[in-house]
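One structure below.
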Amino acid sequence: MKILAIDTSCDETSVAVTQARRILANVIFSQVKLHKKYGGVYPTLAKREHKTKINLALNLALKKAKIDFTDIDAFAVTFGPGLAPALEVGVQKAKELSQKYHKPLIPVDHIEGHLYSAYAENKNGKPTRDFEFPILSLVVSGGHTQLVLIKNHLNYQLLGQSLDDAAGEALDKAARLLGFGYPGGPIIEKLAEKGNAKKFVLPTPMLHSHNLDFSYSGLKTAFKRLLSELSEKEKLQNLNDLSASFQAAVIKSLLLKLQQALKQNFVKTITLVGGVAANKLLRQHVRMLGKKYKLSVLFPPYKYLNTDNAAMIGVVGYYKFQQKIYLDNPAALERIPRANLDTYVIK
Ligand code: KG4
Ligand code: ZN
């Protein structure tokens, strides 16, 4: 069966055509350049841009998959979490198409998409990966930092999450404080490669907390204070070391909670997903942790699957369709900007 999936939750207009876990086509129109000057994503601007690009993305995805709308068996769409005005565009379009072609509409949570991104395959079915449950997934994106235990297909338990900023957001804010644009994660990563992470002392967030939650506002404040103690010249001379120190504190806190979660839960697999999962140093450390606990460690197999994309939404759509989780009345679907993982899990 072929699914046409849409994600407009943030600043990428993405449409994909999937068949089970295979990605037949995935189109992404990124708005990064547009939002760069605001140092973050500007919601009304995002909506306008999604509206301009959505039909183009749909047609391009179908063309790449060499099919047309009549070949589609179901539509899948991200209903949340995300920016309300942005989500609205994708949800509206998916409703429209599902009604027009009389095909089921599958609601997918954006985080669910990230969770399944580690299991996506290219159009030739590569890489071949089996689901070995239970899976412990660390979701690190610009909007979310969560530890999720995936007990079986579509069966999740949220173990912990950020109480304030997400890890990606913290990296974005640190980059902004250093005078760089959005997204900051890759910029910090690049500068950090040449830096000394021990040069500046920053606190490890939630070091002494006994739960699996994260927090990055304290780290941000400490970083701000550190910068205020430096002259502009010193700041510029130490960009690499400052980046390395900040990145190290973020990574340390992620590993701390990941390890704590491993001690408390029986799992067979670790997955690292979301935009920040592209970070090489973080990957390296998570791989080492997997070795220590003799667990397989999986990352999204292709680069575009780390950051936002509709392919991962289509993959979830397949498993939901199998369990008959779709809407009888597509018109009833509404965007849910603050959706939780269990919003549409009908058991
Ligand atoms: O998953 P994503 O594309 O969007 C959300 O759903 O939020 O994640 C975007 C986040 C941004 O904060 C960006 O700075 C971060 O992922 N990011 C990185 C890297 N690439 C993207 N962070 C660290 N290292 C990277 N290489
Ligand atoms: Zn995302």
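All of the numbers you see were taken from the coordinates with simple rules; none came from a lab. Keep in mind that this is a model prediction, so the values were computed, not measured. No Cβ is skipped: glycine too gets one built from the backbone with ideal geometry, and neighbour counts run over all protein chains shown.
As a quick test, which of the pairs Lys198/Lys268; Lys198/Lys257; Lys263/Lys320; Lys100/Lys123; Lys123/Lys252; Lys173/Lys280 have an alpha carbon distance above 29 angstrom in this structure? Write out the running numbers ahead of the final one.
On the way: Lys198/Lys268 34 Å; Lys198/Lys257 21 Å; Lys263/Lys320 31 Å; Lys100/Lys123 27 Å; Lys123/Lys252 36 Å; Lys173/Lys280 20 Å.
Flagged as over cut-off: Lys198/Lys268; Lys263/Lys320; Lys123/Lys252.
Using only Cα atoms, find the angle between the long axis of helix 239-264 and the longest principal axis of the chain, and express it within 0 to 90 degrees, rounded to the nearest 10.
With rounding to tens, the tilt is 60 degrees.
When Phe180, Phe69, Phe266 are ordered from fewest to most other Cβ atoms inside 10 Å of their Cβ, what list results? Walk me through the numbers before you get to the answer.
Numbers: Phe180 19, Phe69 14, Phe266 8.
Fewest to most other Cβ atoms nearby, the residues stand as Phe266, Phe69, Phe180.
For a quick check, take a GNM of the chain with Cα springs below 10 Å and name the residue from Asp328, Asp164, Asp130 with the largest mean-square fluctuation.
Maximum fluctuation in the GNM of the chain, among the listed residues, is at Asp130.
With just the Cα atoms defining each centre, how far is region 288-347 from region 217-248? Give it in Å.
36
Give me the percent of DSSP beta bridges within the chain that run antiparallel, rounded to the nearest 5.
Numbers: 27 of 46 bridges.
DSSP beta bridges in the chain are roughly 60 percent antiparallel.
Bin width 20 Å, origin at 0, all Cα-Cα pairs of the chain: what percent of pairs per bin?
Spelled out per bin, shortest first, that is 32, 56, 12, 0.
Using Cβ counts within 10 Å as a stand-in for footprinting exposure, how do Lys126, Lys220 rank, fewest first?
Ordered from fewest to most neighbouring Cβ atoms within 10 Å, Lys126, Lys220 come out as Lys126, Lys220.
Mind checking the angle between helix 167-177 and the chain's longest principal axis? C-alpha axes, 0 to 90 degrees, to the nearest 10.
The answer is roughly 50 degrees.
Take Met288, Met312 and order them by how many other Cβ atoms sit within 10 Å, fewest up front. Show your work: numbers first, answer last.
Numbers: Met288 12, Met312 33.
Ordered by Cβ neighbours within 10 Å, fewest first: Met288, Met312.
In bins 5 Å wide, starting from 0, what share of all Cα pairs of region 60-104 does each bin hold, as a percent?
Each 5 Å bin holds this share of Cα pairs: 5, 21, 25, 23, 17, 9, 1.
P(r) of region 1-142 in 5 Å steps, Cα pairs, percent per bin?
With 5 Å bins starting at 0, P(r) equals 2, 10, 18, 22, 21, 15, 9, 4, 0.
Once phi is turned into ³J(HN,Hα) by the Karplus curve 6.51 cos²θ - 1.76 cosθ + 1.60 with θ = phi - 60°, what whole-Hz value does each residue of region 99-107 show in order, with x for glycine and proline?
6, 5, 9, 6, 10, x, 10, 9, x
Name the residue, out of Ser209, Ser98, Ser243, whose mean-square fluctuation peaks in a Gaussian network model built on the chain with Cα pairs under 10 Å.
Checking each option, the largest mean-square fluctuation is seen for Ser209.
Which log10 I(q)/I(0) values does region 88-237 give at q = 0.13, 0.15, 0.16, 0.20 Å⁻¹ under the Debye formula, counting every alpha carbon as one identical point scatterer?
-0.83, -0.99, -1.06, -1.27
Hey, could you pull the Cα Rg and Dmax for region 1-77, both in Å?
Here Rg and the maximum Cα pair distance are 13.4, 42 Å.
Output ³J(HN,Hα) for region 55-65: one whole-Hz value per residue in order, computed from phi by the Karplus curve 6.51 cos²θ - 1.76 cosθ + 1.60 with θ = phi - 60°, and x for Gly and Pro.
Calculated HN-Hα couplings, in order: 5, 4, 5, 4, 5, 5, 5, 5, 5, 5, 7 Hz.
Taking only the Cα atoms of region 58-156, how large is their convex hull per residue, in Å³?
128
If you build a Gaussian network model of the chain, linking Cα atoms that sit under 10 Å apart, which residue out of Ala170, Ala222, Ala118 swings the most?
Evaluated over the chain, the most mobile residue of the options is Ala222.
Over the residues of region 228-339, compute the C-alpha Rg and express it relative to 2.2 N^0.38 Å.
1.49
How many percent of DSSP beta bridges within region 24-159 run antiparallel, rounded to 5?
Just about 65 percent of them are antiparallel.
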